[in-house]
Amino acid sequence: MTTTSAPATSAVRPSRNNRPNGQWKVDGPAPLNSNEELKAADNGLNVRARIEEIYAVEGFDSIPGDDLHGRFRWWGLYTQRKPGIDGGKTATLEPEELEDRYFMLRVRSDGQLLNAEALRVLGSISADFARGTADITDRQNVQYHWVDIESVPEIWRRLATVGLETTTACGDTPRGFLGSPVAGLAADEIIDPTPAILEIKRRFLGDPELANLPRKFKTAITGHPSLDVVHEINDVSLVGVVHPELGPGYDLWVGGALSTTPRLGERLGAFVTQDQAADVWHGVCRIFRDYGYRRLRNKARLKFLLADWGTEKFREVLETEYLGYRLADGPAPAPATGRGDHVGVHLQKDGNYYIGAAPLVGRIGGDTISGLADLVERTGALGVRLTAFQKLVALGVPADQVDAFVAGLEPLGLTAQPSPFRRSTMACTGLEFCKLAIVDTKDTATDVITELERRLADLPWLADQPIDLNLNGCPNSCARIQTSDIGLKGQIITVDGEQVPGFQVHLGGGLAGTGQDAGGLGRTVRGLKVPASEVADYVERLVRRFGDERQDGETFAQWAHRANEEALQ
């Protein structure tokens, strides 16, 4: 049995009340809850061998609970929701009562270019093992459903042939990295983050010493001035800037995350060179491992440690205990130069073009992926990258093939010229497959987009000022509801004495790269809950009111924060 060793205790003292928080370097490595006991008993990475040698051979019933509900996540596997269980039962049934005998499988892309061969592999997995399903997530992952345990080894084998993997795609680990979709090719790029991402992956992906973190650890790295990786809501982010003496490099951010206690990340004021990037990432990750709070799982994200320490102490610990040198002070990123979804046709620095395209709320499917592979090959494009907005960007399209590529997207259910709400709407997995969900999201969002395209066609200004609409099936904010213009959090609500699916409303949030200069959290409107069947009505009413009341240059978020609650009903 292999376990992750805990580092020696340092001289840092416990908090004033002397109650242990499970910080390895303060309290020692003794597990303080069942989750920590599970991780201490066996490194989650070890479950892969059991999947390949036992469970895929003997079937679903051979899987013990600790692996099924715990360690499988270290390889991107969650059991999916059993069909037919309504959202009102999510909080009352046990996990084994909610779960099906099939899995969601998450494939990390880490900003990688997916060439035609990789797209064909992804499409074949969808067709052969996932009943045609595939979603682009807002973490640049590909997510499949209906996967049975017997198929997992073959899926891994196929992914490996094109350099893809599910390693630590879930679990208390370094999750998939967000990278700029236009890295290395955009004409206005500050620095290409690809070398940094590849170095971090080469050195640390699958490292057993990083496989027992207090909770998930999310990374974003970009060198593009559109700030296209939602850096404010990641545990660690490296954002391209130009130092006045040292040249291009990165500004370091830490401690961002949403969920039920949202907190935007903060700058440490430190400049990171390309050569330092991997070591700095590793240092921040190890701070989280060693000092992160483990006693209470709802306090086990890096944001809580940063809130207690502050940026000055965090930077001091990083430099003195983990790096052994001081980082240069550096500048903050400039305001975003545009929306970070990269939708539309854009000139690259080499004379070719990149083309950002929108599916409907991230749904693509095996036929779409395989058709995209054909289109890439037929037009001589380099391939595709995924975005943090459930979109995709085709790269290296020759100038004389741009029109053919744009036209070729349409039969695949993709478009480089989406309507404002098709462009700006995101939705999490929702009730269809997720055991945590309370309401449907994907189909609801698709229906709302269709309605809004018809109803708001008379508002041409929306094309230049898209309003973000994010739908989440539960409070966990996988679809970033608190940082959307209009964020809808799924819950069961009471209408005329009857319980129905509905949403709590968050208004006026946003992130750099989504039409705002800087990140901000939305406001909740007291008592406002919208039935799922009336979402299109509510959004139409709200958008038209904004159009009537907005001042010159005012964004939706600015209006939503100044408007009285009556205007937001």
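Taking other residues whose beta carbon is less than 10 angstrom from the beta carbon of Ala332, and scoring Lys, Arg as +1 and Asp, Glu as -1, yields 0. The heavy atoms of Arg541 offer some 100 square angstrom of accessible surface to a 1.4 angstrom probe.
Within a straight-line Cα-Cα reach of under 28 Å, Lys442 can be paired with the following lysines, leaving aside sequence neighbours fewer than 8 residues apart in one chain: Lys82, Lys89, Lys216, Lys218, Lys391, Lys489, Lys529.
Residues whose amide H lies under 5 Å from that of Asn212, counting only those 5 or more places away or on a different chain, are absent; hydrogens are built 1.01 Å from N in the peptide plane.
Of the heavy-atom accessible surface of the chain (probe 1.4 angstrom), what whole percent is carbon and sulfur?
Answer for the chain: carbon and sulfur cover 48 percent of the accessible area.
Taken about its Cα centre, the chain carries a charge dipole of about 1400 debye when Lys and Arg each add +1 at the Cβ and Asp and Glu each add -1 at the Cβ.
Val280 exposes around 0 Å² of accessible area when a 1.4 Å probe is run over every protein chain in place. Between the amide H of Thr441 and those of Leu431, Glu432, distances stay under 5 Å, these residues lying 5 or more places away or on another chain, with hydrogens modeled in the peptide plane.
Keeping every protein chain in place, order Thr555, Thr168, Thr92 by accessible area at 1.4 Å, biggest value first, i.e. largest first. Don't skip to the answer; put the middle values down first.
Values: Thr555 35, Thr168 5, Thr92 100 Å².
Descending accessible area places them as Thr92, Thr555, Thr168.
So for the stretch 429-569, taking the charge dipole from beta-carbon charges (+1 Lys/Arg, -1 Asp/Glu), which of Gly520, Leu459, Asn470 sits furthest toward the positive end? Looking along the dipole axis, the top candidate is Gly520. Note on the stretch 140-200 and the stretch 302-339: Cα centroid distance 26 Å, given to the nearest whole angstrom. Annotation: extensible slack from Leu528 through Glu498 equals 9.1 nm (criterion: 0.36 nm per residue apart, minus Cα-Cα distance).
Only sites in a loop by DSSP and with at most 16 other Cβ atoms within 10 Å count here; which GluC sites (Glu not before Pro) in the stretch 491-569 make the cut? Spell out each step's value before the answer.
Values: sites: Glu498, Glu534, Glu540, Glu549, Glu554, Glu565, Glu566; in loops: Glu554.
The qualifying sites are Glu554.
Placing pseudo-labels 7 Å out from each Cα toward the beta carbon at Asp128 and Thr337 gives an inter-label distance of 4.2 nm.
Modelled label positions at Arg19 and Ala463, each set 7 Å beyond Cα in the direction of Cβ, lie 5.8 nm from each other. Among the GluC sites (Glu not before Pro) within the stretch 192-269, those in coil by DSSP and having at most 13 neighbouring Cβ atoms inside 10 Å are Glu245.
Between the C-alpha center of the stretch 391-455 and that of the stretch 29-59 there is a gap of 37 Å.
Computed extension length for Arg562-Glu312: 86.7 nm, one decimal, from 0.36 nm per residue of separation with the Cα-Cα distance subtracted.
So with the 1.4 Å probe, I'd like the accessible area per residue for the stretch 170-279, rounded to whole Å².
About 27 Å² of surface per residue is accessible.
Put a dot 7 Å past the Cα of Glu94, heading toward its Cβ, do the same for Ala328, and the two dots end up 5.9 nm apart.
Between Asp275 and Asp188, what's the calculated FRET efficiency when r is the beta-carbon distance and R0 is 22 Å? Round to 0.05. My answer for the efficiency is 0.40. Counting only heavy atoms of the protein chains and using a 1.4 Å probe, Asp135 has close to 10 Å² of accessible surface. The residues of the stretch 449-560 expose, per residue, 42 Å² of accessible area to a 1.4 Å probe.
The values are calculated or read from the model by the stated rules, or taken from the named source; none is laboratory data. None of these values were measured; they are calculated from a predicted model. In this analysis, Cβ positions are derived from the backbone assuming ideal geometry, glycine residues included, and neighbour counts consider all displayed protein chains. For accessibility, only protein heavy atoms count, side chains too; no ligands or nucleic acids. Shrake-Rupley method; radii C 1.70, N 1.55, O 1.52, S 1.80 Å.
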